[in-house]
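Colleague: First the structure, then my questions, so here it is.
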Amino acid sequence: MTLRILIAGGYGLVGGHIARHIRAAGHDAELLLAGRNPELGEPLAQELGHARAIRLDVANPGPALADLGAIDLIISALKDPADALIDAALRAGVAHIGITKTCDELGPVLFATRDARPRRPIVMLGHWQAGVMTLVAMKAAESFAHIETVETAALYDSLDPIGPMTAGDSEGFFGRALLRRAGAWLWVDPEPNGRHVSRRDQSGFDALPMGVLDVASLAAMTGAADVRFDLAVGDSLGTQAGGVASHDIYIDMTGVLLSGRRGRVRTVISDPRGQAQLTAVGVLVIAERVLGLDGRPRAEGGLCGPEALVSADQAISRFQAFGVRIEHHPMDAVEAAPVLATAEA
């Protein structure tokens with residue numbers, strides 16, 4: 001039977017990239033590109049083939065979903081303030097991937113999935129770039145016997161296109177932020193808690209903290225007492241090289257290396273095609289695992305994040321196949337750790 005995937009916001013910037021990546025990966029699932037103005041999605045549906053644009057009001061998705069029949073996966077590439085698509089997925093026993101939840105929005109979902117146990121995965125993918133950063137950090141952590149700090153940052157280039165939803169949300173990006181500091185969880189105001197992120201070419205940038213899910217994921221995964229994520233706007237590696245704007249992520253870990261020496265290791269992730277493409281790659285990897293399109297049985301039901309579904313090696317191989325650059329090297333003249341690929345930051 002042909003798989004059927006509904007992408008809410010499926011003809012928007014990120015949703016459209018998700019749909020294209022599913023096709024580029026060779027999956028012949030029927031794609032339902034859902035939104036309030038389906039006529040805007042018709043050109044993309046024709047481009048993709050075996051796809052159609054449908055009308056969906058996220059505030060009341062029940063009638064539209066009832067008319068569609070069986071669906072294997074709902075991907076929510078838009079805001080779902082009432083968790084209506086999650087509730088619909090729980091009732092129908094359908095898998096769900098959502099990419100917009102931050103740390104302070106998870107409470108209702110936790111209780112909803114407790115009282116209505118998911119028969120299929122309900123994936124919280126509100127991590128930066130849909131889990132790409134956390135999954136790569138899983139690999140970087142293998143260089144350490146003990147991790148003390150995890151400092152992550154993303155550099156958004158203003159020349160990198162963003163969709164209307166992201167543009168509308170950007171003013172709220174820097175509300176209170178979640179940090180782990182000295183082992184304690186803190187909600188802080190961004191402005192007094194910013195930091196400077198250095199780069200080897202001396203073109204560092206100032207960044208402000210955000211409460212993305214990666215902070216909690218990385219703290220649980222590494223046991224580090226200090227974990228944070230910061231966002232900045234500036235010239236990306238792509239722009240600096242005279243090309244198109246890239247989206248760049250920096251992961252700095254400090255602790256005791258496997259050799260027993262204390263050191264610091266940086267991993268740089270860069271997508272030369274920008275942030276929307278990188279987010280779509282993150283969603284693709286999780287969708288393949290949820291649906292068993294990676295050659296393994298379908299993932300079991302439950303509330304989960306990306307690190308519970310996909311191994312670091314599997315994820316990195318897939319990211320690189322879609323053109324994502326991953327560079328891993330020591331800093332501060334410490335002993336080198338195993339590398340993914342060597343390059344200058």
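A short reminder: the numbers here are calculations on the coordinates, not readings from a lab. Just so it is clear, the model here is predicted, and its values are computed rather than measured. Don't worry about glycine lacking a Cβ; one is built from the backbone with ideal geometry, like all the others, and counts go over all protein chains shown.
Colleague: Scaled to the compact-protein estimate 2.2 N^0.38 Å, what is the alpha-carbon radius of gyration of region 63-192, rounded to two decimal places?
Modeller: Values: Rg = 17.5 Å, N = 130, 2.2 N^0.38 = 14.0 Å.
Against the empirical 2.2 N^0.38 Å value, I get 1.25 for region 63-192.
Colleague: Further, regarding this structure: Rank by packing, highest mean first: peptides 227-236, 103-112, with packing defined as the count of other Cβ atoms within 10 Å averaged across residues. Walk me through the intermediate numbers first.
Modeller: Values: 227-236: 21.9, 103-112: 14.0.
Going from most to least packed, we get 227-236, 103-112.
Colleague: For a quick protection proxy, order the peptides 17-24, 181-188 by their average other-Cβ count within 10 Å, most packed first.
Modeller: For the peptides 17-24, 181-188, the packing ranking is 17-24, 181-188.
Colleague: Find the Rg to Rh ratio for region 4-124, where Rh is the Kirkwood radius over alpha-carbon pairs and Rg uses the same atoms.
Modeller: Values: Rg = 13.8 Å, Rh = 14.4 Å.
Taking Rg over the Kirkwood Rh, I get 0.96.
Colleague: How large is the helix-only mean residue ellipticity at 222 nm for the chain, computed as the sum of -39500 (n - 2.57) over DSSP H runs with n ≥ 4, divided by its residue count, in deg cm²/dmol to the nearest 500?
Modeller: Working: 11 runs with 100 residues, N = 345.
My calculation for the chain gives -8000 deg cm²/dmol from helical runs alone.
Colleague: Related question: How many times 2.2 N^0.38 Å is the alpha carbon radius of gyration of the chain?
Modeller: Working: Rg = 19.7 Å, N = 345, 2.2 N^0.38 = 20.3 Å.
My calculation over the Cα atoms of the chain gives 0.97.
Colleague: Then there's this: Fully extended, how many nm does the chain gain between residue 30 and residue 145 (0.36 nm per residue separation, minus their Cα-Cα distance)?
Modeller: Values: separation 115, 0.36 × 115 = 41.40 nm, distance 4.54 nm.
That pair, residue 30 and residue 145, stretches by 36.9 nm at full extension.
Colleague: One quarter of the convex hull surface, Cα atoms only: what value does that give for region 60-111 in nm²? Before the final figure, lay out each step's value.
Modeller: Working: hull surface 14.6 nm².
For region 60-111, the mean projected area of the Cα convex hull comes to 3.6 nm².
Colleague: Grab the Cα-Cα distance for residue 70 and residue 55, subtract it from 0.36 nm times how many residues apart they are, and report the gain in nm with one decimal. Let's see the in-between values first.
Modeller: Details: separation 15, 0.36 × 15 = 5.40 nm, distance 1.66 nm.
Gain on extension, residue 70 to residue 55, equals 3.7 nm.
Colleague: 7 Å from Cα along Cα→Cβ at both residue 92 and residue 240: what's the point-to-point distance in nm?
Modeller: 4.6
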